[in-house]
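Remarks on the structure that follows.
The values are calculated or read from the model by the stated rules, or taken from the named source; none is laboratory data. Bear in mind that the values here come from a model prediction, so they are computed numbers and not experimental data. Cβ placement follows ideal geometry from the backbone for every residue including glycine, while neighbour counts extend to all protein chains displayed.
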Amino acid sequence: MSDDDKAGSGFAGRLRRALLIAVPYLWLGLFFLAPFVIVLKISLSDSVLAIPPYTPTFDPSRGWEGIAAMFRAFDFENYVWLSEDDLYWQAYLSSLRIAALSTLLTLLAGYPIAYAMSRAPERWRPILLMLVILPFWTSFLIRVYAWMGILGQNGYLNQFLIWLGLIDTPLVILGTPVAVYIGIVYAYLPFMVLPIFSSLDRLDRSLIEAALDLGCSRLQAFWLVTWPLSRPGIIAGCLLVFIPAVGEFVIPSLLGGSRTLMIGKVLWDEFFANRDWPLASAVAVVLLLILVLPILLFQRHAERQQRRAEE
């Protein structure tokens with residue numbers, strides 16, 4: 001092969017690699033970065049009674065003059081308002097607290113399920129996986145409405161508890177934070193089970209047998225071998241539950257009622273009830289920045305795990 005052919009093939013290989021890498025970056029640019037820039041621009045605008053309900057700060061038809069006017073018009077009044085109004089910070093903190101506790105409850109419920117699935121006979125695992133994924137075949141909204149019928153004062157749960165003789169009068173569950181926790185755990189349980197099951201399914205069981213041969217009890221073998229090796233799945237599952245739970249709107253609105261304060265409900269009210277798009281966009285930007293932190297921490301943890309595996 002001549003030098004020209006080698007140079008041509010080398011250029012073609014670099015071009016293919018560049019195009020392959022460009023596809024996910026183009027996807028992120030179109031569906032993440034561009035919407036984020038639009039929301040950020042709206043958050044730096046002023047609210048008006050018009051359609052759209054904000055004053056645009058950037059007119060592309062004006063060219064460089066429009067860009068200069070955009071930077072002159074930018075103000076951080078909406079972000080200052082967020083820092084001064086206790087409602088928003090209470091909503092952020094309440095959302096983080098509810099999401100964190102819901103993630104912990106989902107982990108406590110999901111890990112035994114994933115562990116049992118990984119220990120089940122090979123022929124039963126596809127059926128068990130299908131049962132975990134089956135709720136996704138039904139509309140999310142319908143599933144939440146079903147829990148309203150279950151948790152209501154005349155719902156199936158209260159009727160069952162009265163039939164068992166455990167209670168005399170119906171419990172008030174619907175419209176309380178308890179109902180929100182139940183709804184989040186139920187809705188996001190598959191997101192916790194599947195990553196943990198993937199980690200446990202790849203686990204080399206000879207390591208557990210070696211730990212038992214060395215004198216460990218089954219509980220010690222689980223804590224020293226199974227739990228550390230399943231940690232990547234645990235972290236992935238916790239992030240898959242925690243991140244959407246922070247901004248959850250449907251579950252707290254339908255199951256929690258007015259007594260449950262979460263940032264998703266505040267965001268909805270600002271957009272559609274108050275029609276204050278700039279302030280709502282500022283709320284969304286701050287929420288996104290809060291959620292980026294655990295994603296970056298998970299990415300760094302995954303990179304460290306990969307480097308350790310390569311060593």
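In segment 230-261, what residues are closer than 30 Å to residue 204 by Cα and part of a helix (DSSP H, G or I)?
Listed by number, the residues that qualify are 231, 232, 233, 234, 235, 236, 237, 238, 239, 240, 241, 242.
Which residue out of 83, 95, 102 is part of a helix (DSSP H, G or I) and without any contact (Cβ under 8 Å) to a residue 24 or more places away in the chain?
Testing whether each residue is part of a helix (DSSP H, G or I) and without any contact (Cβ under 8 Å) to a residue 24 or more places away in the chain leaves just 83.
Just checking, which of 183, 152, 175 is touching a residue at least 24 places away in the same chain (Cβ under 8 Å), over 23 Å from residue 107 (Cα atoms) and out of contact with any His (no Cβ under 8 Å at 6 or more places or on another chain)?
175
Would you please name the residue that is farthest from residue 259 (Cα to Cα), looking only at residues in segment 150-181 that are of a type in the set (Gly, Ala, Ser) and either surrounded by 14 or more Cβ atoms within 10 Å (Cβ to Cβ) or touching a helix residue (DSSP H, G or I) at 6+ places or on another chain (Cβ under 7 Å) (or both)?
Out of the qualifying residues, it is 155.
Any residue that is in a loop (DSSP other than H, G, I, E, B), among the small types (Gly, Ala, Ser) and either surrounded by 14 or more Cβ atoms within 10 Å (Cβ to Cβ) or at pLDDT below 95 (or both) - is there at least one of those in segment 109-121?
Yes, some residue in segment 109-121 is in a loop (DSSP other than H, G, I, E, B), among the small types (Gly, Ala, Ser) and either surrounded by 14 or more Cβ atoms within 10 Å (Cβ to Cβ) or at pLDDT below 95 (or both).
Look at residue 14 and say whether it is under 21 Å from residue 294 (Cα atoms), basic (Lys, Arg) and at pLDDT 70 or above.
Considered against the rule, which asks whether it is under 21 Å from residue 294 (Cα atoms), basic (Lys, Arg) and at pLDDT 70 or above, residue 14 comes out as no.
Return a yes/no flag: does segment 39-54 have any residue that is modelled with pLDDT of 75 or more and surrounded by fewer than 10 Cβ atoms within 10 Å (Cβ to Cβ).
no
Filter segment 261-286 down to the residues that are touching a helix residue (DSSP H, G or I) at 6+ places or on another chain (Cβ under 6 Å), within 24 Å of residue 176 (Cα to Cα) and surrounded by fewer than 19 Cβ atoms within 10 Å (Cβ to Cβ) and list them by number.
The answer is 261, and nothing else.
Out of curiosity, is residue 194 in contact (Cβ under 8 Å) with a residue 60 or more places away in the chain, farther than 23 Å from residue 96 by Cβ and not in a helix (DSSP H, G or I)?
no
Residues in segment 34-56 that are over 13 Å from residue 285 (Cβ atoms) and outside any strand (DSSP E or B): how many?
Adding up the residues that qualify gives 8.
Could you please let me know if residue 82 is surrounded by 12 or more Cβ atoms within 10 Å (Cβ to Cβ), more than 30 Å from residue 276 (Cα to Cα) and over 20 Å from the mean Cα position of the chain (by Cα)?
Considered against the rule, which asks whether it is surrounded by 12 or more Cβ atoms within 10 Å (Cβ to Cβ), more than 30 Å from residue 276 (Cα to Cα) and over 20 Å from the mean Cα position of the chain (by Cα), residue 82 comes out as no.
Would you mind stating whether residue 107 is touching a Gly at 6+ places or on another chain (Cβ under 8 Å) and within 20 Å of residue 238 (Cα to Cα)?
It is true that residue 107 is touching a Gly at 6+ places or on another chain (Cβ under 8 Å) and within 20 Å of residue 238 (Cα to Cα).
How many residues are in contact (Cβ under 8 Å) with a residue 24 or more places away in the chain and under 17 Å from residue 251 (Cβ atoms) when one looks only at segment 111-149?
Residues that pass the stated criteria total 9.
One residue is enough: does segment 251-260 have a residue meeting the conditions surrounded by fewer than 19 Cβ atoms within 10 Å (Cβ to Cβ), within 23 Å of residue 191 (Cα to Cα) and within 16 Å of the chain's Cα centre (by Cα)?
The answer is no, given that none of the residues of segment 251-260 is surrounded by fewer than 19 Cβ atoms within 10 Å (Cβ to Cβ), within 23 Å of residue 191 (Cα to Cα) and within 16 Å of the chain's Cα centre (by Cα).
Enumerate the pairs (first residue in segment 19-47 and touching a residue at least 24 places away in the same chain (Cβ under 8 Å); second residue anywhere and of a type in the set (Phe, Trp, Tyr) and part of a helix (DSSP H, G or I)) with beta-carbon separation below 7 Å, excluding pairs fewer than 6 apart on the same chain, so at least 6 apart or on different chains.
42/277; 47/277
Kindly indicate whether residue 241 is in contact (Cβ under 8 Å) with a residue 12 or more places away in the chain and surrounded by 19 or more Cβ atoms within 10 Å (Cβ to Cβ).
yes
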